[in-house]
Amino acid sequence: MESKLIEAALEYSEKFGYPIIPVNPENKKPLVKWLEFQQRKATVKEIESWWTKWPNAMIGGVTGKISKDFTIDIDSPVGDEALTDYISDSLLTPTSITPRGGKHLHFEHPKEDITCKAGIFPHVDYRGQGGYICLPPSRNAEGKEYSWMDGLSLNDLPRAILPDALLYYIKELALVFNKEPYKNLNLN
């Protein structure tokens, strides 16, 4: 598994532009201080040394402007249902399945400085600036794997643009709760 994880981590870094960090499979927390990787990509040497030191570490992909990734994290069918008015069934974007049966929908990061927020709908979070997600083929502590949905990997298609209705909702939510640092918001 170690070489498979190193190869995947390097591909995410080199081909898809993710700053990669090693993540603990027990608690999904970074195994390194990762603030600097919100500003720069890890080197090949760093990635190889991390997976040599922690061969079972999950692959963390830093989200936000640096990776151009904005991920909607859906934890259950309830979350899927909550998003039906915002994301069309016909919209195709890279999508992975999480070990507990949830989904990560990978979108192009919007121009706005959108950070991270849990609970935007029941069982739905998002990860933008200052966040990270676990990428396939990572395995959690129980040995369950993250995997790409058939035909919906980063190799299969580009990230879609976040639907306008969902982006508007996220911006409105931030304004109502005043919890996120948006700059130059234009909601007209």
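The values are calculated or read from the model by the stated rules, or taken from the named source; none is laboratory data. The shown structure was predicted, so the numbers you read here are calculated from the model rather than taken from an experiment. Virtual Cβ from ideal backbone geometry, glycine too; neighbours counted across all protein chains shown. Ligands, DNA and RNA are stripped out before the accessible areas are found, and what is left, the full protein with its side chains, is counted by its heavy atoms. Shrake-Rupley method; radii C 1.70, N 1.55, O 1.52, S 1.80 Å.
Here the extension length gained between Asp150 and Val78 equals 23.7 nm, from 0.36 nm per residue of separation less the Cα-Cα distance. Rg/Rh, computed from the Cα trace of the chain with Rh as the Kirkwood radius, has the value 0.96. Looking at segment 6-65, which trypsin sites (Lys or Arg not before Pro) are DSSP coil and have at most 12 other C-beta atoms within 10 Å of their C-beta? Filter output for segment 6-65: Lys15, Lys33, Arg40.
For a quick check of your reading of the filter: which trypsin sites (Lys or Arg not before Pro) in segment 113-164 sit in a DSSP loop and have no more than 16 other Cβ atoms within 10 Å? Can you show the working numbers first?
Values: sites: Lys117, Arg127, Arg139, Lys144, Arg159; in loops: Lys144, Arg159.
Here the trypsin sites (Lys or Arg not before Pro) that fit, given the DSSP loop and packing criteria, are Lys144.
Ranking Tyr169, Tyr12 from most to least accessible surface, computed with a 1.4 Å probe over the protein chains only, gives Tyr169, Tyr12.
Do the sum for the chain: with -39,500 (n - 2.57) for every DSSP H run of n ≥ 4, divided by all residues, what is the mean residue ellipticity at 222 nm, to the nearest 500 deg cm²/dmol? Write down the numbers at each step before the final one.
On the way: 4 runs with 43 residues, N = 188.
The helix-only estimate for the chain comes to -7000 deg cm²/dmol at 222 nm.
What a 1.4 Å probe finds exposed on segment 25-90 is 51% carbon and sulfur by accessible area, rounded to a whole percent. The modelled label-to-label distance for the pair Lys4/Lys29, using points 7 Å beyond Cα in the direction of Cβ, is 2.8 nm.
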